[in-house]
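The values are calculated or read from the model by the stated rules, or taken from the named source; none is laboratory data. Quick caveat: nothing in here was measured; it's all calculated off a predicted structure. Counting neighbours? That spans all protein chains shown, and the Cβs are built from the backbone with ideal geometry, glycine included. Calculation scope for accessible area: heavy atoms of the full protein, side chains included, ligands and nucleic acids excluded. Shrake-Rupley method; radii C 1.70, N 1.55, O 1.52, S 1.80 Å.
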Amino acid sequence: MSSIKACIFDLDGVIVDTVPAHYIAWKTIANELGIPFDKTQNEQLKGVSRIKSMKKILALGNVEMPEEEIKALTKKKNKIYVEIISKMTPADILPGVEDFLLTLEANNIPKAIGSASRNTPTILKCVGLTNRFDAIVDGNVVSNSKPDPEVFLKGAELLGASPADCVVLEDAISGVKAAKAGGMKCIGVGKPEILKQADLVIPDMTQLTLEKIQNL
Ligand code: B16
Ligand code: MG
């Protein structure tokens, strides 16, 4: 039995399914640039910061442009994305998440958000979860994006837990790598063939139990 004392949740793809909204927004930009971009390539952008995602798309098309133009494109992408996510409501919380938050609360296990997204405050507000977390660490406060472990290490610190006592819930390859680089346990949410480095992979959040966390 492990000694998990704290839980750190990724946001996009674990608590809410914003992956299609990111895809629609990136696809619009890629189309405008004439760069072929599909869902497999979008998989590589999960957990990756906005600016790095933009640069990865440009690299796909071997397109080079000045930093200022890159920034303007990311701004445009975010405008499209925010328009979609601002319509989210509590009904958009992924199945299983609310039950698991209740389980953690009933067992006094502290929880944090560890997300690359600078839109974290907007999303949490729209789905009514802002006050359910003991700490929120997002793209607005970290300097190094996943797979760097900074976002999760900050979360552990704010929860007063050592990394080895934390479990991270992640849907992205970069996020799983970040959790493992930080010395944490990691449960991947998605496909085992993609989230290979996770300690355990569950298909979705309805499959998460306290027992699974304690048996890691
Ligand atoms: P934003 P997560 C990540 O969130 C997304 O997976 C990734 O696709 C996105 O590019 C990144 O946030 C930055 O998001 O543009 O909203 O700042 O999965 O770490 O919660
Ligand atoms: Mg994610």
> What residues have an amide H closer than 5 Å to that of Ile136, excluding those fewer than 5 places away on the same chain, when H is modeled at 1.01 Å from N in the peptide plane?
Replying inline: Ile113
> So for the pair Thr130, Thr28, with labels modelled 7 Å out along Cα→Cβ, what separation do we get in nm?
Replying inline: 2.5 nm
> Toward the positive end of the charge dipole of the chain, about the Cα centre and with charges on Cβ (Lys, Arg +1; Asp, Glu -1), which of Ser145, Leu124, Phe9 goes farthest?
Replying inline: Ser145
> Roughly how large, in nm² to one decimal, is the mean projection of the convex hull of the alpha-carbon atoms in region 102-174?
Replying inline: 5.1 nm²
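So which GluC sites (Glu not before Pro) in region 135-216 end up in coil per DSSP with only 13 or fewer other C-beta atoms within 10 Å?
Glu193
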>> Rg and Dmax in Å for region 72-123, alpha carbons only: what are they?
In response: 14.7, 46
> Which residues' amide hydrogens lie under 5 Å from the amide hydrogen of Arg118, considering only partners 5 or more residues apart or on another chain, with H built in the peptide plane?
Replying inline: Gly139
> For region 37-122, with only Lys/Arg (+1) and Asp/Glu (-1) charged at the beta-carbon, what is the dipole magnitude about the Cα centre, in debye rounded to 20?
Replying inline: 320 debye
>> Counting other C-beta atoms within 10 Å, and keeping those with at most 10, which DSSP coil trypsin sites (Lys or Arg not before Pro) do you find in region 1-87?
In response: Lys87
>> How many angstrom lie between the Cα centre of region 23-54 and the Cα centre of region 80-150?
In response: 22 Å
> Among Gly155, Leu102, Ile194, whose Cα lies farthest out toward the positive end of the dipole of region 97-212, if unit charges sit on the beta carbon of Lys, Arg (+1) and Asp, Glu (-1)?
Replying inline: Ile194
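Note down the relative contact order for the chain as a percent, whole number, built from C-alpha pairs under 8 angstrom at least six residues apart.
The normalised contact order for the chain reaches 27 percent.
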>> Quick one: 3J(HN,Hα) in Hz for region 78-83, Karplus 6.51/-1.76/1.60 with θ = phi - 60°, rounded, Gly and Pro as x.
In response: 5, 4, 5, 5, 5, 4
>> If I histogram all Cα-Cα distances within region 1-82 using bins 10 Å wide from 0, what percent of pairs lands in each bin?
In response: 16, 49, 20, 9, 5, 0
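Loop only by DSSP, 14 or fewer other Cβ within 10 Å of the Cβ. Give me the GluC sites (Glu not before Pro) in region 58-106 that pass, ordered by residue number. Walk me through the intermediate numbers first.
Values: sites: Glu64, Glu67, Glu68, Glu69, Glu83, Glu98, Glu105; in loops: Glu64.
Sparse-neighbourhood loop GluC sites (Glu not before Pro): Glu64.
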>> Give me Rg/Rg_expected for the chain, where Rg uses Cα atoms only and Rg_expected = 2.2 N^0.38 Å with N residues.
In response: 1.00
> Do the alpha carbons of any pairs in Lys39/Lys146; Lys27/Lys154; Lys56/Lys79; Lys146/Lys212 sit beyond 28 Å of each other, and which pairs?
Replying inline: Lys27/Lys154
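What ratio of Cα Rg to 2.2 N^0.38 Å holds for region 144-202?
Dividing the Cα radius of gyration by 2.2 N^0.38 Å gives 1.01.
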> Accessible area of Met184, 1.4 Å probe, to the nearest 10 Å²?
Replying inline: 0 Å²
>> Skipping prolines and chain starts, which residues have an amide H placed within reach, meaning under 5 Å, of the one on Val168, given they are 5 or more residues away or on another chain?
In response: Ile8, Lys185, Cys186, Ile187
>> Please list 3J(HN,Hα) in residue order for region 148-162, calculated via the Karplus relation 6.51 cos²θ - 1.76 cosθ + 1.60 where θ = phi - 60°; whole Hz, with x for glycine and proline.
In response: 5, x, 3, 4, 7, 5, 5, x, 4, 4, 5, 8, x, 10, 7
